[in-house]
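Taking it in order: structure first as structure tokens, then the write-up.
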Amino acid sequence: MDFAILTFLAQDGLTTGAIYALIALAIVLVFAVTRVILVCQGDFVAFSALTLATLQAGEVPGTLWLLLGGAALVCAKDIVTAVRRRHAARIPLHLLTHLSLPLLLWALLGNLDLANLHGALKVLLTLAIVIPLGPIFYRLVYQPAAQASVLLLLILSVALHSMLVGLGLWLFGAEGFRTLPFTDSSFMLGDAMIGGQNLLVIGIALLLIVALYLFFGHSLYGKALRATAFNRNGAQLVGIPTELAGSSAFFLAALIGACSGILIGPITTLYYDSGFLISLKGFVAAIIGGLASYPLAAGGAFLVGLIESFASFWASAYKEVIVFTLVIPVLLWLSLTTHHVEEEH
Amino acid sequence: MSANNPLLNVERLSVCYGKVEAVRQVSLAIGEGQIVSVIGPNGAGKTTLLGALMGLLPAEGEVAYLGKTLQRHHGVAQRVGQGLNLVPESRELFSPMSVEDNLLLGAFSRHRQGHRDHGLTLAEVFDLFPRLKERRRQAAGTMSGGERQMLAMGRALMAKPKLLMLDEPSLGLAPRVIGEIFRIITELRATGVSILLVEQNARAALKCSDYGYVLENGEVALQGPAAELADDPKVIETYLGRKSAAPAPAAAALAG
């Protein structure tokens, strides 16, 4: 292997590693706050890339219908609760908060000339469509079972993921898509060629990580989310509603997923079912951090990215096997160093 | 007595764990600016009673707070937002976070309501508990039992409660620290906070209270002004005669 190949593989590994780091952070965050293992984190990534690709093709993306349907269901749920508690006066408020954004997007997508829209606006539209799906999934799937065991929540996650794969096939078709690159530029650093696209992905991913760090370390809402992760009872007693914490965690996860999809879209061809492998790799990274440590999970993600990149050069048929085998020594190490804590009931 | 216009009025409250009724038909009232204590043996339902008032447990019966009936679906967060706060026996602190972060999170509910005067409240809490100010950067989990109790109370005070419910604030603390906790409870009343105090340390609790209830087997066995309760022969025999918690057989005899 010569130097050129080495730098190419390292760049590639760090770029996908940055994406995996984002996924791993989202998985750790959601697990800490809600005890949900978010299998569908990768589906946010795939759906966001496919949504952007559809918009770039000048068509209305199928995720819009998913958003409209989901929002309508959440709204119906809240209206039923309001009627039961004789709070009929709140019904207009529920209609407004749940349906205004989806309907606005529907109107926009129906009337805009999508083919000639500026690229940045398409990215914004993608974020606006995909991010609300996070809280919607939480409200519909997880919140009714918020007190259930980790196992039951995992089963719900697998069910949600299978449903999303089915819906993805229906909404986007079986074809793979790749979004337009942000930049074609590249430059030489010494003897190594650095791709502008790679640099952009790593840069934006790192920016997002720093933004998350600032949010969790310095804002009261971020601290409240962390507090919920540390002690759910204590969080309730200071007035942090479990539902708000759950919805916020899912909002952040969907935001991270949607951004990852936009970043990864130009690099990899994504299909309706690509989400699962992305989730799994983020999950391997999250496991390296014991599903608890953010820095270790992020570091693990870069390791996963690098191993995957070098494995695909030396033994491309085995690259997934090599990455997933990494879990075994990590689990052994974790089981030897940590004390088992009984799940609280 | 101000109980004619009580801050909290509880009528025939019952809480069930499955088929077991842990709290049965309990009625009690707390007037504004009062300290009311609930004493009783282990397992009498004191903690369950507080959990139900806080909205942590589903309950039957009527609870009126600030003159309005609290509904079943009024969750914990909603009650906290109305100035009803609980310091549980287990403290429930955010152990890995700093003392200051724990306190600031106590103001979460007010922050959501749009208040931004947490700096002022924090200074007041630090005045009340100078020890917390010294340790503001330290992780909550590394503090002693007494300091953790102070932090739990300080965190609840950051929400500017109208009614503060304290569950066994003296449990497991050194006598000197217990004295300080009760001194602070009395000081709090002077600032207009009403307090519902659940204690096994009946002597100290009745000493600082205005009114008292004796809870046994989930029911109110005795009640009256705290000074009268402290002179009641039955209470003296069961709860004040010894320093330790009441022996169970005597409690059963009283209830029957």
*asked:* Compute for region A:3-337: radius of gyration divided by Kirkwood radius, i.e. Rg/Rh, restricted to C-alpha atoms, rounded to two decimals.
replied: 0.98
*If you take the charge dipole of the protein assembly as shown about its Cα centre, with +1 on Lys and Arg Cβ and -1 on Asp and Glu Cβ, which of A:SER186, A:LEU67, B:THR69 is farthest toward its positive end?*
B:THR69
*Kirkwood hydrodynamic radius (Cα pairs, Å) of region A:123-193?*
16.0
*Which value in Å is the Kirkwood Rh of the protein assembly as shown over different Cα pairs?*
27.1
*At what distance in nm do the modelled label points of B:ARG72 and B:HIS115 sit from each other, each positioned 7 Å from its Cα along Cα→Cβ?*
3.1
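Report relative contact order for chain A in percent, whole number only (criteria: Cα-Cα under 8 Å, sequence separation at least 6).
38
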*What do you get when you divide the Cα radius of gyration of chain B by 2.2 N^0.38 Å, with N the number of residues?*
0.98
*Using the alpha-carbon centroid of each, what span in Å lies between region B:80-120 and region B:136-209?*
15
*Other chains' Cβ within 10 Å of A:225-236 residues: what's the mean?*
6
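With +1 on each Lys and Arg Cβ and -1 on each Asp and Glu Cβ, how big is the dipole of chain A about its Cα centre, in debye rounded to the nearest 20?
Dipole of chain A, to the nearest 20 debye: 1240 debye.
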*Taking amide H positions as placed 1.01 Å from N in the peptide plane, with prolines and chain starts having none, which residues 5 or more places from B:LEU86, or on another chain, fall under 5 Å of its amide H?*
B:MET165
*Past the 29 Å Cα-Cα mark, which pairs from B:LYS19/B:LYS234; A:LYS223/B:LYS207; A:LYS122/A:LYS319; A:LYS223/B:LYS160?*
B:LYS19/B:LYS234; A:LYS223/B:LYS207; A:LYS122/A:LYS319
*How many angstrom separate the Cα center of region A:126-192 from the Cα center of region A:1-45?*
13
*In what order do A:ILE27, A:ILE155, A:ILE202, A:ILE131 fall by count of nearby beta-carbon atoms within 10 Å, going from fewest to most?*
A:ILE155, A:ILE202, A:ILE131, A:ILE27
_Compute the orientation-averaged projected area for region A:130-243 from the convex hull of its Cα atoms and round it to one decimal in nm²._
11.5
*Using the Kirkwood radius over Cα pairs, work out the Stokes-Einstein diffusion coefficient for region B:173-240 at 25 °C and 0.890 mPa s, in µm²/s as a whole number.*
192
*Where is the GNM fluctuation largest for chain A (alpha-carbon springs, 10 angstrom cutoff): A:GLY69, A:GLY13, A:GLY42?*
A:GLY69
*Rank these for me by crowding, B:THR69, A:THR34, going from fewest to most other beta carbons within 10 Å.*
B:THR69, A:THR34
*Mind checking the mean number of beta-carbon atoms from other chains within 10 Å of the Cβ atoms in A:213-224?*
2
_Approximate spin-label separation A:ALA317-A:SER293, in nm, with each point projected 7 Å along Cα-to-Cβ_ = 3.7
*Mind pulling the per residue volume of the convex hull built on the Cα atoms of region B:1-95? Å³ is fine.*
123
*When chain A is treated as a GNM, springs tying every alpha-carbon pair under 10 Å, which of A:LEU108, A:LEU326, A:LEU180 comes out with the largest mean-square fluctuation?*
A:LEU108
_For residues of B:86-92, the mean tally of beta carbons on other chains within 10 Å_ = 3
*Given labels modelled 7 Å from the Cα in the Cβ direction, how far is it in nm from B:ARG136 to A:ALA89?*
4.2
*Given H placed on each backbone N at 1.01 Å, which residues far from B:VAL38 in sequence or on other chains put an amide H within less than 5 Å of it?*
B:LEU197, B:VAL198, B:GLU199, B:TYR213
*Given the convex hull of the Cα atoms of region A:187-345, what is a quarter of its surface area in nm²?*
12.7
*Could you compute the FRET efficiency for B:LYS207 and A:VAL150, with r as their C-beta to C-beta distance and R0 at 45 Å, rounded to 0.05?*
0.45
_Order of A:ASP12, A:ASP2 - criterion: other Cβ atoms within 10 Å of each residue's Cβ, fewest first_ = A:ASP2, A:ASP12
*asked:* Please list, in order along region A:286-297, the HN-Hα scalar couplings obtained from phi with the Karplus expression 6.51 cos²θ - 1.76 cosθ + 1.60 (θ = phi - 60°), rounded to whole Hz, x for Gly and Pro.
replied: 5, 5, 4, x, x, 6, 9, 9, 5, x, 5, 5
_Going by Cα centres, region B:1-48 and region A:268-290 are how many Å apart?_
52
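Every number in this text was worked out from the coordinates using simple rules, so none of it is lab data. Remember, it's a predicted structure, so these values are computed and weren't measured experimentally. Don't worry about glycine lacking a Cβ; one is built from the backbone with ideal geometry, like all the others, and counts go over all protein chains shown.
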